1. Just to verify a number: FRET efficiency for Asp107 and Lys207, C-beta to C-beta distance, R0 = 25 Å, to 0.05?
2. Once phi is turned into θ = phi - 60°, what whole-Hz ³J(HN,Hα) does the Karplus curve with 6.51, -1.76 and 1.60 give for every residue of region 221-227, x standing for Gly and Pro?
3. Between 0 and 90 degrees, rounded to the nearest ten: what's the tilt of helix 206-220 against the longest Cα principal axis of the chain?
4. Using only the heavy atoms of the protein chains and a 1.4 Å probe, how would His191, His429, His443 rank by accessible area, largest first?
5. For every other residue with a beta carbon closer than 14 angstrom to the beta carbon of Ile568, add +1 if it is Lys or Arg and -1 if Asp or Glu, then tell me the sum.
6. Given all pairs of different Cα atoms, what value in angstroms does the Kirkwood hydrodynamic radius of the chain take?
7. Taking 7 Å along the Cα-to-C-beta vector as the label spot, tell me the Tyr625-Glu585 distance in nanometres, rounded to one decimal.
8. With a cut-off of 8 Å between alpha carbons and a minimum separation of six or more residues, what is the relative contact order of region 66-117 in percent?
Amino acid sequence: MLACVLLISNVSAAFVPMQEVTATSRHYVDRLFDPDPQKVLQGVIDMKNAVIGNNKQKANLIVLGAVPRLLYLLQQSSSSLELRTECAVVLGSLAMGTENNIKSLVDCHIIPALLQGLLCPDLIFIEACLRCLRTVFISPVTPVQLLYTDSTVIPHLMSLLSRSQRTQEYITQIFSHCCKTPEHQTVLFNHGAIQNIAPLLISPSYKVRMQALKCFSVLAYENTQVSMTLVNVLVDGELLSQVFVRMMQRDQPIEMQLTAAKCLTYMCRAGAIRTDDSCIVLKTLPCLVRMCSKEHLLEERVEGAETLAYLMEPDVELQRIASTTDHLVAMLADYFKYPSSVSAITDIKRVSQGVQTRSLPVCHLQLDHDLKHAHELRQAAFKLYASLGSNDEDIRKKITETENMMDRIVSGLSESSIKVRLAAVRCLHSLSRSVQQLRTSFHDHAVWKPLMKLLQNAPDEVLVMASSTLCNLLLEFSPSKEPILESGVIELLCSLTQSDSPALRVNGIWALMNMAFQADQKVKVEIVRCLGTEQLFRLLSDPDTNVLMKTLGLLRNLLSTRPHIDQIMSSHGKQIMQAVTLILEAEHNIEVKEQTLCILANIADGNSAKELIMTNDDMLQKIKYYMGHSNVKLQLAATFCISNLIWNEEDGSQERQDKLREMGFVDILHKLSQASDPNLSDRAKTAMQQYLA
């Protein structure tokens with residue numbers, strides 16, 4: 001409450017009538033055009049003093065056209081070095097105002113002008129230009145690509161690193177803020193960023209060391225080439241990884257510990273450091289767990305949790321170690337206790353009753369800040385829980401048994417923040433890999449309901465994760481499968497298969513595949529009706545192999561149990577046989593061909609459906625070809641087809657056996673019965689016995 005009142009008193013004290021500010025600002029701009037260079041210099045110096053900490057004055061000067069004039073003076077060779085330097089200082093001060101100020105400066109082409117200024121030999125002028133460039137580039141509204149437009153800029157900046165501690169600080173800060181893509185990483189790497197910046201890690205200046213460290217974190221992120229190079233770099237005779245380990249020590253500033261931990265995390269994820277290396281297990285992981293504790297600032301707790309989640313995401317052993325370090329699972333529960341939107345509304349009411357109305361905007365800003373942190377904390381906790389529970393059953397159990405955890409996930413699915421919703425569904429997806437949790441916690445909390453709601457209207461990235469989770473909830477042992485079926489999910493899943501996103505098509509068809517497994521005929525008929533034969537066959541020619549595999553899986557599940565096989569083949573047999581032919585003839589991988597032959601084996605198991613194979617000599621020749629294939633999986637699947645076709649106990653078996661004997665299948669079976677693969681030889685022997693019975 002006191003903070004609100006104090007802030008308002010400051011605003012009141014600084015208030016100046018609009019006309020007076022405008023008149024003063026006009027006077028400053030007019031002095032820039034004085035014919036006397038000395039008066040121009042004094043005018044720029046006075047302007048510098050006037051704009052410090054005064055955003056209104058900065059905005060007025062920009063509106064009144066000060067920027068183009070300052071840039072003109074800065075670029076004129078006839079201007080004194082002192083004047084050019086003071087112009088750079090004022091421009092830097094204007095850049096420290098609002099985002100609109102930055103946009104105006106960028107629109108006036110401040111960046112090319114300042115980059116040109118770096119060609120001047122004078123160090124003080126160079127530092128002033130770099131300071132201003134740094135301020136402009138660290139703004140989120142500045143297009144970072146402007147740093148890379150001229151190919152001579154990066155090498156020139158590299159050459160300026162040795163000039164002073166200030167040039168080192170500003171340039172490394174520019175690099176760390178402007179390295180956003182793999183292409184940027186490559187440009188910096190190719191121009192010697194590693195060898196030029198590595199020595200700065202032992203600079204006497206903390207600011208230089210810190211900015212150099214940040215540079216390495218953005219260079220190494222998801223970049224194998226950079227990470228593999230970093231792991232062999234020596235700094236004053238010491239391996240770079242050991243320099244990072246020293247920077248993670250508890251006596252170092254938190255910012256440094258965190259950034260060093262990020263560097264080692266990124267190097268590890270890029271494959272440059274093993275996950276069982278002591279610098280990861282004994283140093284990086286404990287440092288990041290430490291950052292999650294209450295004693296740290298909210299921003300540090302968020303960054304620590306998100307980095308830790310990323311570090312251990314693919315490694316079950318790191319997940320196990322983290323789950324038993326410093327009570328991490330319980331510690332993360334505190335992330336949900338930070339003011340939520342409900343308590344925030346209470347705060348607004350309390351503020352509006354307790355202080356004057358004019359103080360409310362400031363408190364609203366504080367409130368927005370608090371809510372942002374509340375969202376970030378919950379997002380980070382969900383991400384870390386998702387990473388922790390992605391493999392180990394005991395860890396998942398520990399997570400779901402944490403106080404109100406399932407309720408928190410369910411609430412997270414309907415949060416106002418899209419990032420929190422995404423993190424919550426990611427956490428749910430991780431836990432849904434557990435058979436035990438699907439049967440207990442997921443059922444008890446009816447998580448399928450908010451999940452279905454989330455699927456109705458969400459961005460693609462949320463849809464992908466939500467539909468992945470739904471795939472698991474539709475497995476045959478999940479108690480949620482029946483209520484989900486009754487909720488009319490088939491139509492929604494069929495619509496996903498028509499998405500432009502391959503991931504959504506995969507998930508839509510995957511969920512239908514799980515749904516069709518050992519399903520009633522009614523469900524299977526509804527899937528075929530809703531999906532439509534046209535879409536089904538479109539998916540069978542999908543360019544994405546994952547989509548094709550899951551569609552074949554769906555077809556295989558639909559064509560199981562004889563009445564279902566015969567019913568579906570009587571309606572769609574011609575199209576299905578055509579699709580099978582096309583896949584077997586095309587250039588597909590072994591898994592696709594195997595799955596297709598398994599579908600054929602299922603068709604061969606039908607009572608009437610098998611005639612679609614027996615009357616198709618071209619298909620029989622294809623089966624014969626795959627029985628003689630070099631791949632055992634394909635041989636086995638093709639042999640299954642023949643075994644089902646000649647099975648003795650079924651009507652017409654004698655005629656089928658005779659036809660297949662004439663086509664040479666008995667000789668092939670005899671040869672396969674002596675195969676070195678035990679499964680293949682057993683299957684061939686079983687088929688041979690049908691002739692002997």
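The values are calculated or read from the model by the stated rules, or taken from the named source; none is laboratory data. Nothing here was measured: the structure is a model prediction, and the numbers come from that model. Neighbour counts are summed over all protein chains in view; Cβ atoms, including those assigned to glycine, are modelled from backbone coordinates with ideal geometry. Accessible surface areas use protein heavy atoms only, side chains included; no ligands, DNA or RNA. Shrake-Rupley method; radii C 1.70, N 1.55, O 1.52, S 1.80 Å.
1. Approximately 0.25, to the nearest 0.05.
2. Calculated HN-Hα couplings, in order: 4, 6, 10, 5, 4, 5, 4 Hz.
3. 30 degrees
4. Order by accessible area, largest first: His443, His191, His429.
5. Residues near Ile568 contribute +3 overall.
6. 30.8 Å
7. Here the modelled spin labels are 0.9 nm apart.
8. That works out to 38 percent.
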